[in-house]
Ligand code: NAD
Ligand code: WQD
């Protein structure tokens, strides 16, 4: 008989999406074992996770590339499944320092999968990204669309995805949900946990929120001459709470997955940069300074998800609106103007 999943190891659980997902998993009654090396986070989000959702959560400061350290965690904690968030995620940084990205992302995944195999744990939810679609020919994007890595970060995700497919083909007792996130934004509605980028934010929503809170002068819209209705790029922004609930749905669906399933997590609706800026102003209740600048190299004009697979396989859909995303992002930013510091 297949054992029900009770204890889940969450790598990168102190990060933005990981901490929000820990709340969803704790509220659903799971026990959690977090493994994080805190290279892009601290223990504070985990303390706050437990404030929001008291429950069973233990933390190990271990690097996912450290097979011995991971093995010791697996030996002590009998986990039933792993959600693998840990990794590096900044596109520009990956171009500047590709070896570090291959080492952490690909090396970390290899090490984790080896240790899982040794300990007979074959249930995995993996954080992939819509970046694997590169510059998509059409949106909405279905999971069978062509895959292409357009930068080192994207190529690490593609390599890991291919590795997971090879592993599942070699041993179908693996159950793997490979979740391709679109653009995660927003924060837990409590305002206690959220996105805390180091330095200048690369992503649109944290940048807008830092302008709104007075940390940056103005938002520069990267290009107003794209072939879209208002000239700015279109993306599928998804509330991080919806994303967290998508992971919960994936954990629950693992028992029905044999092999590796790729699943888009998005809303299915695209919003332009100007629309996000307007929604952010509604949330903040003030004008947010903005100007239109040149295009950012590598940006696709339009990118949004076909979500039918997630609905079919996970019985999940995103329900939160762009206004919800901005309201929660603003609550987090205004209550924590300098993030967790
Ligand atoms: P994050 O940086 O906030 O969280 C990542 C966590 O992993 C951090 O706590 C960090 O300290 C930890 N970590 C990094 N390297 C580690 C290592 N070698 N060993 C142990 N822990 C390590 O990032 P996030 O936004 O929460 O993203 C989580 C995952 O989702 C990543 O794999 C990312 O590629 C993927 N993803 C993110 C986005 C996004 O826009 N945020 C979109 C698509 C996919
Ligand atoms: C969104 C839109 C910008 C900042 C990235 C990664 C992707 C995934 C999600 C991890 C674009 C515009 C942005 C600014 C702007 N991450 N913009 N001014 O590029 O869609 O995706 O994050 O997997 O891999 O590439 O997200 O938030 O950077 O940009 O006009 O200051 O906002 O041009 O159209 P992106 P983003």
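Checking each residue in segment 107-127 for being within 11 Å of ligand 1 (Cβ to nearest atom) and surrounded by fewer than 22 Cβ atoms within 10 Å (Cβ to Cβ) picks out 107, 111. Is it true that residue 184 is free of Cβ contacts under 8 Å to residues at least 24 places away in the same chain, under 17 Å from the mean Cα position of the chain (by Cα) and either part of a helix (DSSP H, G or I) or on the phi < 0 side of the Ramachandran plot (or both)? For residue 184, the condition - free of Cβ contacts under 8 Å to residues at least 24 places away in the same chain, under 17 Å from the mean Cα position of the chain (by Cα) and either part of a helix (DSSP H, G or I) or on the phi < 0 side of the Ramachandran plot (or both) - is not met. Restricting attention to segment 19-49, the residues that are more than 17 Å from residue 77 (Cβ to Cβ) and either assigned to a helix (DSSP H, G or I) or within 16 Å of the chain's Cα centre (by Cα) (or both) add up to 13. Given the condition away from ligand 2 (no atom under 16 Å from the Cβ), closer than 20 Å to residue 154 by Cβ and surrounded by 20 or more Cβ atoms within 10 Å (Cβ to Cβ), answer yes or no: does some residue in segment 77-99 qualify? For segment 77-99, residues away from ligand 2 (no atom under 16 Å from the Cβ), closer than 20 Å to residue 154 by Cβ and surrounded by 20 or more Cβ atoms within 10 Å (Cβ to Cβ): absent.
Scanning segment 13-30 for residues that are buried (at least 17 other Cβ atoms within 10 Å of the Cβ) and more than 16 Å from ligand 2 (Cβ to nearest atom) yields 13, 14, 19, 22, 23, 24, 25, 26, 30.
Listed here are the residues, each with its yes/no results for (1) farther than 21 Å from residue 245 by Cα; (2) modelled with pLDDT of 95 or more; (3) touching a helix residue (DSSP H, G or I) at 6+ places or on another chain (Cβ under 6 Å).
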{"position": "11", "(1), (2), (3)": "no, yes, no"}
{"position": "23", "(1), (2), (3)": "no, yes, yes"}
{"position": "42", "(1), (2), (3)": "yes, yes, no"}
{"position": "48", "(1), (2), (3)": "no, yes, no"}
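The values are calculated or read from the model by the stated rules, or taken from the named source; none is laboratory data. All of these numbers come straight from a predicted model, not from anything done at the bench. We place every Cβ from the backbone using ideal geometry, glycine too, and count neighbours over all the protein chains shown.
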